[in-house]
Amino acid sequence: MSLVTITGLTKKFNTNIAVHNLNLELNKGVCTALLGPNGAGKTTTLSMLAGIMKPTSGSIAFSGVAERDFRKYIGYLPQYPVFYGWMSGKEYLQYVGQLASLSKNEAATKAGELLELVGIADAKKRKISGYSGGMKQRLGIAQALINDPLLLILDEPVSALDPIGRREVLTLMRELKEKTTILFSTHVLHDAEEICDYIYIVKNGEMAINGTLDELQNTHQQPTIYIEGEKELDEWLPKLKQYSFVSELVSNTPKTVTVTVTNVETARRELLNYFGSLNVPIRKFELVRTSLEDLFLKVAKK
């Protein structure tokens, strides 16, 4: 069931069109990723959806919501959240809770619940200036949940984190997607592949492709064979390029190559015969599916 419908969304800054005629639909209980190269219009789109920026044209509608101001139904974590370092985590959440029209007692109760939910209850009395990057992101997600939003918007929630902090936030997002609808942007494509249910990829402010990961892979699938040798494969690459069924060949490392082919059965037979006839020691030879990164690069290069 649809929660948010975005129709013809456009944002102009003087003569620059940051977002052009964008159409999106966010379904209830679905974790959706908004992807695209730098400058694709992702943050501008999220800012308009969060009610921070006014669209030049187009419409945003929440299902079952008559009000024109839908900000109270949204929780938002910007890419670079700013906190009052002299406050403790609990003080900060109580503060934003009261800004969200909760009473003092309601804000205190909600702050305690959210600190438990995001896993930093033990640091509730510690000053935010002493929080790690991962803890601050968790606190930022907590403040975005203070008003029990119908939609949680996260702009690059893991981009500035180390591997441990990134894993902590992804684990939290996986738990949250069971409770609310999530829309997030990211440059870490593996993260989107891991936790999202639906994907939009934009370029130059316009929609490029969208669908579930399986739908996108099935639609844009290119048969690809990954080959890994025990020794360097460079000297055999020129011969591989001569096969008529090879449409693209990428040498990832001296010992590995990814071959995109037009006929996978012919390619598998001919390549195995070729390497076998030369006694080239092959460690791995496998058919691989198109990854989200492959799709992203395909869109970015168009």
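Can you list the lysines whose alpha carbon sits under 18 Å from that of Lys90, skipping same-chain ones fewer than 8 residues off?
Answer for Lys90, where 18 Å is the Cα cut-off: Lys104, Lys110, Lys124, Lys125, Lys127, Lys136, listed by chain and number.
Which FRET efficiency value, to the nearest 0.05, do you get for Ser251 and Ser132 by plugging their Cβ-Cβ distance into 1/(1 + (r/R0)^6) with R0 = 25 Å? It would help to have the intermediate numbers written out before the result.
On the way: r = 39 Å, r/R0 = 1.56.
Efficiency computed from Cβ-Cβ geometry: 0.05.
Treating cross-link reach as a plain straight distance, find the lysines whose alpha-carbon is under 27 Å from the alpha-carbon of Lys255, omitting any fewer than eight places away in the same chain.
Counting by Cα, and skipping residues close in sequence, Lys255 has these lysines nearby: Lys231, Lys239, Lys241, Lys284, Lys298, Lys301.
Counting other C-beta atoms within 10 Å, which of Asp155, Asp214, Asp234 has the fewest, and how do the rest follow?
Sorted ascending by nearby Cβ count, the order is Asp214, Asp234, Asp155.
How much length, in nm to one decimal, is gained on full extension between Glu193 and Leu287, taken as 0.36 nm per residue of separation minus their Cα-Cα distance?
On the way: separation 94, 0.36 × 94 = 33.84 nm, distance 1.90 nm.
In short, 31.9 nm is gained.
For the chain, what does -39500 (n - 2.57) per DSSP helix run (n ≥ 4), summed and divided by total residues, give at 222 nm, in deg cm²/dmol to the nearest 500?
-10000 deg cm²/dmol
Over the stretch 61-116, what portion of Cα pair distances is larger than 13 Å, expressed as a whole percent?
Across the stretch 61-116, Cα pairs with separations above 13 Å total 67 percent.
Name the residues whose placed amide hydrogens come within less than 5 Å of the amide hydrogen of Glu206, ignoring near sequence neighbours (fewer than 5 apart) on the same chain.
His20
For the stretch 154-205, what class follows from the C-alpha gyration tensor (a ≥ b ≥ c being the square roots of its eigenvalues): rounded when a/c is under 1.5, otherwise prolate if a/b is larger than b/c, else oblate?
oblate
Inverting the mean 1/r over all pairs of different Cα atoms, compute the Kirkwood radius of the chain and quote it in Å. Walk me through the numbers before you get to the answer.
Working: mean 1/r = 0.0459 Å⁻¹.
Result for the chain, one decimal place: 21.8 Å.
Bear in mind these aren't lab numbers, they're just calculated from the coordinates by the rules spelled out. Just so we're clear, the structure is a prediction, and the values are computed from it rather than from any experiment. Ideal geometry is used to build each Cβ from the backbone, glycine not excepted, and the neighbour counts take in all protein chains shown.
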